[in-house]
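The values are calculated or read from the model by the stated rules, or taken from the named source; none is laboratory data. As the structure is a prediction and not an experimental result, all values here were calculated from the model. So basically every Cβ, Gly included, is an ideal-geometry build from the backbone, and we count neighbours across all protein chains shown.
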Amino acid sequence: MIYRSPVLYNLLMRVLYGKHFTDRYQVVSKEIPDGASVLDVCCGDCFLYRRFLQARNVRYIGVDNSPAFICSGQRKKIDVRSVDLKAEELPKVEYVVMQGSLYQFLPDAAVVLKKLRAAATIKVIVAEPVQNLSDSHVKCLAKFSRWLTTPYGATNYSGERFSEESFTRIIKEAGGAQQVCTIPGGREMVALLDPETVS
C-alpha cells in the first residue's frame, strides 16, 4: 500500500519515526560530501535528495521499481529510474545508499549487499529498521503492518524483518563493514561498508 503513494509513504514514515524522522536522513547525508555522485537504491519519495543533498551539488540517481515513486520523482525533475535490483546491474557511483529496504530482499539480502558494494567506488551506506510493528505481540497490528509494508510487486512476502542482531550479523558477513551503529531513537541502524574489492 505505502509503496503506491509517495504522500502516504512520507506520512507513515513521519508517524513511525516521530521526532527522529529527519535524524535517519541526517546520519546518512553526513557521510556524503558535496559534489559526490550518489545512487539511492529503493529511493522512495527521494526525501534524502530533496531535503539534504539537492543544494549540495550532488550528482544524484534514484532507482526504484514502484511506478508511483518513479513518476513522482521525474515530475520533480529528479533523475529517478526504474530498476529491478534482482535482475539488473546498478550504475557505478561513488556512494550507494539504501534506506529501510533491505528487508524486502530477504532471504537474499546478502546478494543485494554484494551488488550494492559492487556499484560503489567509495562507500555503501545501508540504514535499516530493527524495531518493527510487524514484530508486535499484538497479532492484528503485526498482520496489518506486514500488509501495509509488503514490497511493491511481491507475491510471496513472508513479513520477515531485521532485528539488531540479525542486521549486524548480515552486515559483518557481507564483508567490508567499517561501522554499524544505532540511529537516534533506536528504531533504525546504519552500516557503512567499503566497496567490493576486485581481485
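Within region 185-194, is even one residue at pLDDT 90 or above, in contact with a strand residue (DSSP E or B) (Cβ under 9 Å, 6 or more places away or on another chain), assigned to a helix (DSSP H, G or I) and surrounded by fewer than 18 Cβ atoms within 10 Å (Cβ to Cβ)? Looking through region 185-194, none of the residues is at pLDDT 90 or above, in contact with a strand residue (DSSP E or B) (Cβ under 9 Å, 6 or more places away or on another chain), assigned to a helix (DSSP H, G or I) and surrounded by fewer than 18 Cβ atoms within 10 Å (Cβ to Cβ). Scanning region 57-78 for residues that are surrounded by fewer than 16 Cβ atoms within 10 Å (Cβ to Cβ) and closer than 22 Å to residue 13 by Cβ returns 67, 71, 74, 75, 76. Count of region 71-87 residues, restricted to those that are over 15 Å from the mean Cα position of the chain (by Cα), among the aliphatic types (A, V, I, L, M) and modelled with pLDDT of 95 or more, is 1. Taken as a whole, the structure leaves residue 90 outside the set of residues that are part of a loop (DSSP other than H, G, I, E, B), within 15 Å of the chain's Cα centre (by Cα) and modelled with pLDDT under 95. Only one of 62, 35, 44 is small (Gly, Ala, Ser) and either more than 13 Å from the chain's Cα centre (by Cα) or more than 27 Å from residue 130 (Cβ to Cβ) (or both); which? Sole residue among the options that is small (Gly, Ala, Ser) and either more than 13 Å from the chain's Cα centre (by Cα) or more than 27 Å from residue 130 (Cβ to Cβ) (or both): 35. Quick check on my filter: what residues within region 65-101 are touching a residue at least 60 places away in the same chain (Cβ under 8 Å) and within 25 Å of residue 189 (Cα to Cα)? 65, 66, 69, 95, 97, 99, 100, 101, listed by residue number.
When region 111-142 is limited to residues that are part of a strand (DSSP E or B) and either among the charged types (D, E, K, R) or at pLDDT below 90 (or both), the one that is surrounded by the most Cβ atoms within 10 Å (Cβ to Cβ) turns out to be 128.
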